[in-house]
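Novice: What follows is a single structure, and I will ask about it in a moment.
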Amino acid sequence: MKNICNLSLLLILALGLQGCFSMADEVWIEADGSGRFEATTDLSSMYPFLMMGLQEEMGKEKDGDGKAESGDPMTAMMKGMLTSEEVDTTFDFQDMMSNAMAEDGMDWEDMLDSLRTTPATEDFTEEQREVVLGVFDEMADMRMRIRSSQADQIFKTTSIQDFTSVNDMGSTGGLMAKIMELAAAEEGGPLGQGEEMDAIMQQLTNAQTQLDLDGNTLRIRRSGMDVSLLGEEFTQNFAMIKMFLGNEPYRMLIHFPGKVKKISSSVAEKVDKNTVAIEMPLDDLFDPEKQIDVEIQFKGLKKR
């Protein structure tokens, strides 16, 4: 059960934090207010280092005779992605969990039943159970697209979220605090406590793109994130990642069901009559003094 919990937290964080560290976002709004949000991170410049990390993990999974053990299912998934000639595949969250747990003979429903019925222990408390089940319910319809090419050294991930209403976007954010606390506990120590944890979680929430629709006006907000709050080791690793990402800007495209009438911010401009682009230096996403706050008036929504 502890392995299920650990794996669950890894996948939840992979999807949840994708929204904090994406380099390109795109949103489509339909006439009825529904739509789709995609957040893409391009790690192609780090491909050799991803391979080095994979080889190191694979080396740890060999027994004393040098034979490969069954190992971590996540490592197996990454090996398949990075060593294939070319991959362009999309998993939904349920598929990711089912594939990862297949070696244990479990699928999505089996895992949920196990989570619900296994007695609580010190390793998997009742609180942990409720948090994980709650997040599964919120994120069941989320998807992850992975594009990889060994020959071209490409590795991109895109999280995809469909929504029935713009204002329902990002509903998983309220659970991120407990998820981070549980993940930190699995690493052997608290990520933060009291006011420190509140500050961390406020940063994580603000760093995700927030969309609010009021009539025919869409407001887009996103604040720069202070990564130093996540600890010295994370800050050092992130500094190295940024070095390899280079000077690529952050860019967001918003597609509307009708003509764009008015834009309130200088960081946003029309691409065509129905599309707006927001662009800023990538470094600004990790500067707590910087923020995106754009209002866009548009046509095309159906009257309710």
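Novice: Which of Lys156/Lys302; Lys261/Lys290; Lys156/Lys303 have a Cα-Cα distance over 29 Å?
Specialist: On the way: Lys156/Lys302 35 Å; Lys261/Lys290 26 Å; Lys156/Lys303 38 Å.
As for pairs spanning more than 29 Å Cα to Cα, those are Lys156/Lys302; Lys156/Lys303.
Novice: Taking other Cβ within 10 Å of each residue's Cβ, how do Thr158, Thr217 sort, fewest first? Don't jump to the answer; show the numbers that get you there.
Specialist: Values: Thr158 20, Thr217 14.
Ascending number of Cβ neighbours within 10 Å: Thr217, Thr158.
Novice: Counting other beta carbons within 10 Å of each Cβ, put Phe124, Phe49 in order, fewest first. Spell out each step's value before the answer.
Specialist: Working: Phe124 20, Phe49 13.
Least to most surrounded, the residues fall as Phe49, Phe124.
Each value in this text was obtained by applying a stated rule to the coordinates, not by laboratory testing. Nothing here was measured: the structure is a model prediction, and the numbers come from that model. Reconstructed Cβ throughout: ideal geometry from the backbone, glycine too, with neighbour counts over all protein chains shown.
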